[in-house]
Amino acid sequence: MRTKEEILELVNASPMFHLATVENGKPHVRGMLLFKADERGIIFHTGTFKELHQQIQANPSVELCFFSQKTGEQIRIAGDLVQDTSKELLDEIYNHPSRSFLRAWGAGIEEKLAIYRLPTGKACIWTMESNFEPKNYIEL
């Protein structure tokens, strides 16, 4: 069984993930790009003008699904998101070289960018080899 630290390492190595939300009893899944996963949790962002932001505000319970091509593992993580409004994290994201596209949003970025963090959750790892085994959950 993987440790929390190993799961965070796998997540950081596979930054593309799918995020599932629920709105009016209907599931919504979309591809996302991780900012990073560390001791604060799993961190990503979206625009405050997007439906995703409204869905999370109404129901912060989500599931994230990562896939590591290197190991062949699918990592599903369920938990409740919290919005992180810290100026330090906003500045870190805005100034990160991989987020240069945010500069096009212009002034008032703090009103346009919603940063979310999954501080804790339950992770489950799936592989073809473990397909028929009972699920083992790892607390993050």
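The values are calculated or read from the model by the stated rules, or taken from the named source; none is laboratory data. Note that the coordinates shown come from a computational prediction; the quantities given were computed from them, not determined experimentally. Methodologically, a virtual Cβ is constructed for each residue, glycine included, from the backbone with ideal geometry; neighbour enumeration extends over all protein chains shown. Side chains are part of the model used for accessible areas, which takes the heavy atoms of the whole protein and leaves out ligands, DNA and RNA. Shrake-Rupley method; radii C 1.70, N 1.55, O 1.52, S 1.80 Å.
Under the shape rule built on the C-alpha gyration tensor, where the axes satisfy a ≥ b ≥ c, region 58-100 is oblate, since a/c reaches at least 1.5 while a/b does not exceed b/c. Straight distance only, please: which lysines reach the Cα of Lys122 with their own Cα at less than 24 Å, same-chain residues fewer than 8 apart left out? Candidates past the 8-residue exclusion: Lys4, Lys26, Lys36, Lys70, Lys135. For the chain, the relative contact order is 26 percent, taking Cα pairs closer than 8 Å that sit 6 or more residues apart in sequence and dividing their mean separation by the residue count.
The residues of the chain present an accessible area of 58 Å² per residue when probed at 1.4 Å with all protein chains retained.
For the chain, the longest piece that avoids every one of the chymotrypsin sites (Phe, Trp or Tyr not before Pro) found in DSSP loops with at most 14 other C-beta atoms within 10 Å covers 50-131. Karplus-derived 3J(HN,Hα) values for region 44-61, using 6.51 cos²θ - 1.76 cosθ + 1.60 with θ = phi - 60°, are 8, 9, 8, x, 5, 8, 8, 4, 4, 4, 5, 5, 5, 4, 6, 8, x, 6 Hz; glycine and proline are entered as x. Distance between the modelled labels on Glu92 and Ala58, one decimal in nanometres: 3.1 nm (7 Å Cα→Cβ projection). Computed in the context of the full set of protein chains, the accessible area of region 27-140 at 1.4 Å probe radius has 53% of its extent on carbon or sulfur.
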